[in-house]
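Written below as structure tokens is the structure these notes are about.
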Amino acid sequence: MLEKYKTRDSNWELLRIIAMLAIVSGHFVTQTKALDYVKGIDSIFAIIFGSGLRIGVALFLFLGTWFMVDMSFSSKRILKLYFEYAIYSIGITLIMINVADIPIKEIINGLFPGIKGGLWFAETYLYLLLIAPFLKKLLNIDRKILKILLLLWSFMLFVKTTLVFESKDNFMDGYMFFIYTFLVMGYYKKYLINKIKIKPWKFLFLGLLIYFILISLMGYSLYNKNETLLKFVKLYLFDYKTVPNILISFPIFYFFQNLNIGKIKYINFIASSAFAVYIIHQTTAFYPYMWSEIFKSDIGINSEHFIIYMCTVVILIYICASVIDYFRIRFLEPMYLNSRLFKFLENKLNKIYNNL
């Protein structure tokens, strides 16, 4: 069963797992509002392990674009990814309609995945895949022109957010950053990968040092109720378009890029459902119910064993979602890939891109 997972380098798959655990931990802390209730060592633990949400998102995006820039266009890959997104979004939303009182907006978001705006990362990533063949053409223009383009884009993107303290989080804002990341990753792999000779451990230390400085400031501002400082710290931690955030996430990525642990099938197997973990636990009609009714967060975050509770919840979410995804891959995906609908859509998509 695990034989097919031997082919992938496990440094990337381990990073995928860590990134998703950071995302789930961050959602736990922010969506349950745990920091409003926990104190002392529990508060320190929640800040340390719950503030890496958007760093995890950046790492997940870096991983996706790292492989995407070298891949040929595959309509099958796009359709498989959309099926994974849609089957969970629609299926979970339909179940939740019969379980709880769901706002109409969340029902529409869940029943129209990729159109109405339910899971922003999944949607933006799918739209990035759709234009990736055209972006790859940009990577073939004159190197100097591409370099100037990326430098100007970097200035406009990061300086405004970092220095003007203005954060935007709508679809187009995120989409532009995804496109930018694709082009930067392509430039990095094409021109810089063999020229950068930074020691991975030293670079990782720099990234983690910046992270711990920011979370220390966050703890200080929460304790002293300094709203102004807290606003700036949250901006740098939770907006991946800021310089401090990039200076945390890229050194982590660079460290794992240079980490050689071979091909470990168990790590690769666990990592294979990371995207499903995100979709399942963040379907908008489901996650408020999950925290309040399934995991009883109002009791858990006020218990004497908060740290054990938080770790247990995060791990359970990853395990349960992975088990569900195993059955999807084993039984539903083959039916979909062999269906007339899939073959029709694959044909149409291939024709469109071939004509373009």
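Below is a table of values for the structure above.
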item: Percent of C-alpha pairs per 10 Å bin, the range 269-312, short to long; result: 25, 40, 31, 3
item: Top positive-direction residue, dipole computed over the range 132-283 with Cβ charges, set SER221, ASN194, VAL243; result: ASN194
item: ARG77 accessible area, 1.4 Å probe, all protein chains in place, Å² to nearest 10; result: 80 Å²
item: For the range 147-290, with +1 on Lys and Arg beta carbons and -1 on Asp and Glu, the positive-most of ILE261, PHE155, LEU208 along the dipole; result: ILE261
item: Cα-centre dipole for the range 95-199 with unit charges at Cβ (Lys and Arg positive, Asp and Glu negative), debye to 20; result: 980 debye
item: For the range 160-289, projected area of the alpha-carbon convex hull averaged over all directions, nm²; result: 11.3 nm²
item: Spatial separation of Cα centroids for the range 78-112 and the range 28-54, in angstrom; result: 28 Å
item: The range 218-295 - convex hull of alpha carbons, volume per residue in Å³; result: 175 Å³
item: Loop GluC sites (Glu not before Pro), the range 251-356, which have at most 13 other Cβ atoms in a 10 Å radius of their Cβ (DSSP); result: GLU304
item: With 5 Å bins from 0: P(r) over the range 276-339, alpha-carbon pairs, percent; result: 4, 16, 20, 20, 15, 11, 6, 4, 3, 1, 0
item: Helix-derived mean residue ellipticity, 222 nm - over the chain, DSSP H n ≥ 4, -39500 (n - 2.57), to 500; result: -22500 deg cm²/dmol
item: Cβ charges +1 (Lys, Arg) and -1 (Asp, Glu), total dipole of the chain, debye; result: 1600 debye
item: Charge context of ASN258, other residues only, Cβ under 12 angstrom, K/R +1, D/E -1; result: +2
item: Value in Å of the Kirkwood radius, where the range 249-356 supplies the Cα pairs that are averaged; result: 17.7 Å
item: Rounded percent of accessible protein surface that carbon and sulfur make up, the chain, 1.4 Å probe; result: 67 percent
item: Rg(Cα)/(2.2 N^0.38 Å) for the chain, N = residue count; result: 1.02
item: LEU59 - accessible surface, heavy atoms, 1.4 Å probe, Å² rounded to 10; result: 10 Å²
item: Residue-wise HN-Hα coupling along the range 173-185, computed from phi with Karplus coefficients 6.51, -1.76, 1.60 (Hz; x: Gly, Pro); result: 4, x, 4, 4, 5, 5, 5, 4, 4, 4, 5, 5, 5
item: Value of relative contact order over the chain, rounded to a whole percent, pairs C-alpha under 8 Å and six or more apart; result: 32 percent
item: Of LYS80/LYS189; LYS195/LYS241; LYS76/LYS351; LYS144/LYS195; LYS76/LYS137; LYS147/LYS189, pairs whose Cα-Cα distance is over 23 Å; result: LYS80/LYS189; LYS195/LYS241
item: The range 1-109: proportion of alpha-carbon pairs further apart than 24 angstrom, %; result: 50 percent
item: Accessible heavy-atom area order of TRP12, TRP153, highest first, probe of 1.4 Å; result: TRP153, TRP12
item: Alpha-carbon spread of the range 89-211, three principal axes, descending order, Å; result: 57, 38, 30
item: Rounded to whole Hz, the Karplus (6.51, -1.76, 1.60) HN-Hα couplings of the range 93-104, x for glycine and proline; result: 5, 4, 5, 5, 4, 8, 10, 9, 7, 9, x, 4
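The values are calculated or read from the model by the stated rules, or taken from the named source; none is laboratory data. The shown structure was predicted, so the numbers you read here are calculated from the model rather than taken from an experiment. Note that each Cβ is placed from the backbone with ideal geometry, even for glycine, and that neighbours are counted across all protein chains shown. Quick note on the areas: whole protein, heavy atoms, side chains included, nothing else; ligands and nucleic acids left out. Shrake-Rupley method; radii C 1.70, N 1.55, O 1.52, S 1.80 Å.
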